[in-house]
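J.: So that we are looking at the same thing, I have put the structure below in structure tokens.
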Amino acid sequence: MTDYELLDSGNGAKLERFADIILARPCAQAVWQPQHPERWKQANASFDRENGNQWHGRNRLPATWTLHVDGTRFRLSGTDFGHLGIFPEQRTQWAWIKAQTTAFTASGKTPRVLNLFAYSGGSTLAAALAGAEVCHVDASRGMVQWARDNAACNGLESHPIRWIVDDVHKFLNREVRRGRQYDGIILDPPTYGRGGNGETYKIERDLTETLRLCRILLSEKPGFLLLSAHTPGHTPIVLKNLIVQAMNGLGGAFEAGEMCLTGAPGLFALPSGAYARWYS
């Protein structure tokens, strides 16, 4: 059961329902015409980037509200960049993470999972709710606090989660020196990101090094690695090729595909990034 629904898309925008709040926001992939133009009048607020980032009707939104997605609670809030604190296209990945983690716990082992570029913690919550010990890493202190709030909303205040505010490569190199290992790794790198101390991350420059370090940190018998991205040009095949090279010699299976926002039957699915994943 979910409080989220894609209501329509087209003309470079998407119309979504988050609980009882309906929002219209930009979406470059939606190059077709809307299927239900009458629905757009229902929007409580909208966001655009035509003259800089700006909300229209933001005063009609609550400061925060709670969304239930497939048994998980998220605290939402409209940010100055038009984000809300959730990427619903990751829903199928969260279900997959839960399944992979449950396979470990069913064998009597508590897996250790590393979540990089972890944002507001959707993947962290998925792994933790399935019984994993989690290390959550993001360069933004504010986003890490948001993720901690989400964990609290789900009764995970006392769950073994390490909350790390740091540049991902600095953190990974420290973990390599410490000899720490993880049974599962999740990463959703940005196209371009900036750390708190001026560090920069560019996916086309840095992703192969990130994956190299991740491979070193995988345990002797790892369970999974999940890579997703929202960068144009980083298609499912591109991501799959990258992890096939990174995981060379480990065997296992590979999958790749598009992440999509979906709504009622007959509504166009809206591509919103790509993923590739390996599992043993």
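The values are calculated or read from the model by the stated rules, or taken from the named source; none is laboratory data. None of the values given here were measured: they were computed from a predicted structure. Note that we place each Cβ from the backbone using ideal geometry, even for glycine, and neighbour counts take in every protein chain shown. Keep in mind that these areas ignore ligands, DNA and RNA; they rest on the heavy atoms of the full protein, side chains included. Shrake-Rupley method; radii C 1.70, N 1.55, O 1.52, S 1.80 Å.
J.: Taking H placed 1.01 Å from N in the peptide plane, check which residues at least 5 places from Asp8 or on another chain put their amide H under 5 Å from its amide H.
T.: Here the answer is Leu15, since their amide H atoms fall under 5 Å of that of Asp8.
J.: Only Cα pairs under 8 Å and at least 6 apart count here; give the relative contact order of the chain as a rounded whole percent.
T.: 14
J.: Taking all protein chains as present, what is the carbon and sulfur share of the accessible area of the chain, in % to the nearest whole number, probe 1.4 Å?
T.: Result for the chain: 50 percent of the exposed heavy-atom area is carbon or sulfur.
J.: What relative contact order, as a whole-number percentage, does the stretch 5-78 give when Cα pairs under 8 Å and 6 or more residues apart are counted?
T.: Computed over the stretch 5-78, the figure is 22 percent.
J.: Keeping all protein chains in place, calculate the accessible area per residue for the stretch 148-199 (probe 1.4 angstrom), answer in Å².
T.: For the stretch 148-199, the solvent-accessible area averages 50 Å² per residue.
J.: If you don't mind, there's one more thing I want to ask. Between Phe224, Phe171, Phe117, which gets the highest mean-square fluctuation from a Gaussian network model of the chain, Cα cutoff 10 Å?
T.: Phe171
J.: Right, another one. Could you order peptides 208-221, 56-69, 84-97, 226-239 by the average number of other Cβ atoms within 10 Å of their residues, highest first?
T.: 84-97, 226-239, 208-221, 56-69
J.: Could you give each residue of the stretch 182-199 its phi-based ³J(HN,Hα) in whole Hz, using Karplus coefficients 6.51, -1.76, 1.60 with θ = phi - 60°, and x for Gly or Pro?
T.: After applying 6.51 cos²θ - 1.76 cosθ + 1.60, I find 10, 8, x, 10, 10, 8, 10, x, x, 4, 8, x, 10, x, x, 10, x, 5 Hz.
J.: Within the set of other residues whose C-beta is less than 12 Å from the C-beta of Ser77, count the net charge using Lys and Arg as +1 and Asp and Glu as -1.
T.: Around Ser77, the charge tally is 0.
J.: Add +1 for every Lys or Arg and -1 for every Asp or Glu among the other residues with Cβ under 12 Å from the Cβ of Met247, and state the total.
T.: Once positives and negatives cancel, what remains is +4.
J.: Starting from the Cα of Asn197, step 7 Å along the direction of its Cβ; do the same at Asn53; then give the gap between the two resulting points in nm.
T.: Placing both labels 7 Å along Cα→Cβ, they lie 2.5 nm apart.
J.: List nothing, just return the count: lysine pairs in the chain, 8 or more apart or interchain, with Cα separation under 16 Å.
T.: Close lysine pairs found across the chain: 4.
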